[in-house]
Structure formats: C-alpha cells, structure tokens
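Peer 1: This is the structure I want to talk about, given as structure tokens.
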Amino acid sequence: MKARTSERLGDGLSYLFMLVTFAFFAWPLLWLLSLALRTRKEVFLGVSRFIPKAPTLDNFAMILSSDKFISYLWNALKLSSLSAAGCLIVALPAAYAFSRFQFKGKGVWMMALLSVQMISPLVIMVPLYRYMAAIGLLDSHFGTTMVYVALAVPVSTWILKGSIDGIPKTLDEAAMMDGCTRFGVFVRVILPLSTPGIASAFIIAVISGWSQFLVPFLLITKESLTPIGVGIFQYAGTQNDSSIQLLAAACLVSVVPAIVAFLALQRLILGAMTAGAVKG
C-alpha cells in the first residue's frame with residue numbers, strides 16, 4: 001500500500017512539474033496571441049486585459065498579404081531546407097563511418113564533433129564575417145547555407161549514428177557476401193533502414209535553420225535575401241507602438257510552423273535520438 005501511494009505521489013509530482021514547465025513556456029506565446037488578436041485601438045489599453053474585447057484576424061491577413069513578409073518566409077524556408085539537405089549529405093557518411101569502422105581516437109573524435117555544437121556563432125562572429133567577405137560570399141544564400149550546414153552537422157551526425165547503430169551489422173556482412181561494395185551496402189542497406197533517423201535529422205536541421213538569427217543578420221544585408229527572423233527584427237526597428245499587434249502576428253506566423261512540426265513528429269524525433277542507445 002505504501003509503495004502504491006508513493007508511486008502515485010511521484011506520478012502526481014511529475015505531472016505537476018510538467019504542467020508548470022508547460023505554463024512557463026506557453027505563457028509568452030499566449031500573450032503574443034493575445035496581442036496579435038487585438039485591434040490597434042485596443043493595444044493602447046495596455047496589457048492588463050488578457051482576452052481581447054473584440055478579437056480580430058485582420059493582423060494576420062495584413063501580414064500574409066504583404067509581399068515583403070512572404071519573401072521573408074520564402075527565404076527562411078529556402079535556407080533551412082537547403083541547409084538540412086546539405087547537412088544530410090555531410091552527416092550521413094560521417095555517421096556511417098563512426099558506426100561501422102574502428103579507428104584510433106574514435107571516441108575522441110566523436111566528442112570533439114559534439115563540442116563544436118557548443119560553440120556559439122557569437123564567438124566567431126568577427127572572423128566569420130571577415131572570412132565570408134574575403135571569399136565573396138556576403139549577401140549570398142549559398143554562403144549562409146554553408147554556415148547553417150556547419151552548425152547542424154554535429155548533432156545530425158550523432159542522431160544518424162544512433163540510428164545506424166540500431167541496424168544489425170550482420171546485414172552489412174550478408175550484403176557484402178552477395179557482392180556489394182561498402183558504398184553499395186551504404187546505399188542499398190543502410191539508407192533504406194535508417195529512414196526514420198534521416199527524417200528526424202532533416203526535421204531538426206530544418207527547425208534549427210528556421211530559427212537562426214545571428215548568422216543571417218551578420219551575413220545578409222539585402223532585404224530581398226533576408227529570412228523571417230531578421231526580417232521581423234528589421235521591421236520592428238522601422239515601426240512605432242501602433243504596430244505592436246502586427247509584430248505579434250508576424251512573430252506567431254514565424255514560430256508556429258516549427259512548433260507544430262516538432263509536436264507532430266516528436267515521437268519520430270525522440271525515437272531516432274534514442275536509437276542504438278543501448279548498443280555498444
């Protein structure tokens with residue numbers, strides 16, 4: 001009886017903790033939604049009223065009908081998708097090598113790869129800008145995409161390695177006995193069986209690229225090439241207090257796709273991240 005009571009108490013505390021955590025992160029988004037549903041007149045009433053008296057979707061309609069805002073969204077989608085694809089091109093062979101080959105310092109290299117993920121772009125901002133300027137890749141989606149790829153490769157490699165670790169090595173050996181080369185095994189066996197991990201790594205890389213701010217802010221100055229994060233920041237700098245409701249609507253439109261994608265695919269993502277975790 002005591003064990004059951006203790007178990008229920010533990011479950012209750014766990015749910016309470018998750019509820020508090022959810023409220024902590026959801027509250028700013030709810031206030032953003034409240035502002036986005038207000039009219040310009042109601043914005044000046046202050047933030048004391050959480051539920052708008054006369055909710056309206058005009059702010060979202062105005063934002064989505066703006067050619068400039070649509071351009072920001074397209075640039076963000078382009079940069080994040082291309083960088084995710086480029087990330088897979090680099091991370092997949094690396095993950096296969098780390099998973100299947102034995103070489104000196106393998107563990108050190110894996111930790112070194114992960115440590116790169118801990119370096120903030122802010123630390124390398126000045127040398128990165130000077131380097132990109134020297135090779136002529138400022139105001140270029142190609143140059144920005146390459147930086148996105150470099151930032152996303154470490155975590156993608158770890159996710160893909162875990163997925164490949166979950167594939168029995170006997171399948172590799174059987175394919176090679178049938179005449180497959182290493183590259184043939186990689187293409188015909190590893191890639192099809194690690195599809196969930198590949199999809200998860202791609203989604204995470206897209207979300208990471210979509211949420212980037214510092215890199216495009218540093219490397220892109222042309223408004224026609226600006227992604228959504230930087231576009232909203234620049235728009236905010238040119239507006240007055242009467243545009244708060246429009247900025248709130250723009251922020252929601254830019255944030256919601258990433259949140260929805262993660263919530264819809266969280267099982268796939270978590271499954272890929274924990275795949276191979278119990279294997280040596």
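Peer 1: How large is the accessible surface of residue 180 in square angstrom, using a 1.4 angstrom probe and rounding to the nearest 10?
Peer 2: Near enough 30 Å² of accessible area.
Peer 1: Let me see the P(r) profile for region 66-278: every Cα-Cα distance counted, bins of 5 Å, each bin given as a percent of all pairs.
Peer 2: Per 5 Å bin, starting at zero, the Cα-Cα P(r) for region 66-278 comes out as 1, 7, 13, 16, 16, 14, 11, 9, 6, 4, 2, 1, 0, 0, 0 percent.
Peer 1: Compute, for the chain, the length of the dipole vector about the Cα centre, with Cβ point charges of +1 (Lys, Arg) and -1 (Asp, Glu) only. Units Debye, rounded to 20.
Peer 2: Numbers: 21 positive and 12 negative charges, 95 e Å.
Dipole about the Cα centre, nearest 20: 460 debye.
Peer 1: I've got another one for you. How much of residue 178 can a 1.4 Å solvent probe reach, expressed as accessible area in Å² and rounded to 10?
Peer 2: The value for residue 178 is about 140 Å².
Peer 1: Compute the long axis of helix 244-264 from its Cα atoms, compare it with the longest principal axis of the Cα atoms of the chain, and write down the angle in degrees, 0 to 90, nearest 10.
Peer 2: So the inclination is approximately 30 degrees.
Peer 1: If you find the alpha carbon centre of region 70-98 and of region 106-162, how far apart are they in angstrom?
Peer 2: First find each Cα centre; the distance between them is then 12 Å.
Peer 1: In whole percent, what relative contact order does the chain give with Cα contacts below 8 Å and a gap of six or more residues?
Peer 2: 32 percent
Peer 1: Moving on. Which is farthest toward the positive dipole end of the chain among 5, 177, 118, measuring Cα position about the Cα centre, with Cβ charges +1 (Lys, Arg) and -1 (Asp, Glu)?
Peer 2: 5
Peer 1: How much of the accessible area of the chain, in percent, comes from carbon and sulfur atoms when a 1.4 Å probe is used? Mind dumping the intermediate values first?
Peer 2: On the way: 11900 of 16680 Å².
Reported share for carbon and sulfur atoms: 71 percent.
Peer 1: Order the peptides 17-24, 110-117, 94-101 from the highest to the lowest mean number of other Cβ atoms within 10 Å of their residues. Provide the component values of the computation, followed by the final result.
Peer 2: Numbers: 17-24: 9.8, 110-117: 13.0, 94-101: 19.0.
Descending packing order for the listed peptides: 94-101, 110-117, 17-24.
Peer 1: Next up: Compute log10 of I(q)/I(0) for region 82-203 with the Debye formula, placing one identical point scatterer on every Cα and leaving out solvent, at q = 0.15 Å⁻¹, to two decimals.
Peer 2: For region 82-203 at q = 0.15 Å⁻¹, log10 I(q)/I(0) is -0.76.
Peer 1: Right, another one. Shape verdict for region 1-86, please, from the Cα gyration tensor: rounded (a/c under 1.5), prolate (a/b greater than b/c) or oblate.
Peer 2: Working: a/c = 4.89, a/b = 1.51, b/c = 3.23.
Oblate shape, in that a/c is at least 1.5 and b/c is the bigger or equal ratio.
Peer 1: Would you kindly derive the ³J(HN,Hα) couplings of region 57-65 from the backbone phi angles with the Karplus curve 6.51 cos²θ - 1.76 cosθ + 1.60 (θ = phi - 60°), listing them in order in whole Hz, with x for Gly and Pro?
Peer 2: 9, 4, 5, 5, 5, 5, 5, 6, 8
Peer 1: Normalising by the residue count of region 29-103, find the relative contact order in percent from Cα pairs under 8 Å and 6+ residues apart. If you can, show how the numbers build up before the last one.
Peer 2: Working: 27 pairs, mean separation 16.2, N = 75.
RCO, region 29-103: 22 percent.
Peer 1: Compute the orientation-averaged projected area for region 38-130 from the convex hull of its Cα atoms and round it to one decimal in nm². Don't jump to the answer; show the numbers that get you there.
Peer 2: On the way: hull surface 47.3 nm².
With the hull built on Cα positions only, its mean projection is 11.8 nm².
The values are calculated or read from the model by the stated rules, or taken from the named source; none is laboratory data. On a predicted model such as this, the values are computed, not experimentally measured, just so you know. Methodologically, a virtual Cβ is constructed for each residue, glycine included, from the backbone with ideal geometry; neighbour enumeration extends over all protein chains shown. All accessible areas refer to the heavy atoms of the entire protein, side chains included, with ligands and DNA or RNA removed. Shrake-Rupley method; radii C 1.70, N 1.55, O 1.52, S 1.80 Å.
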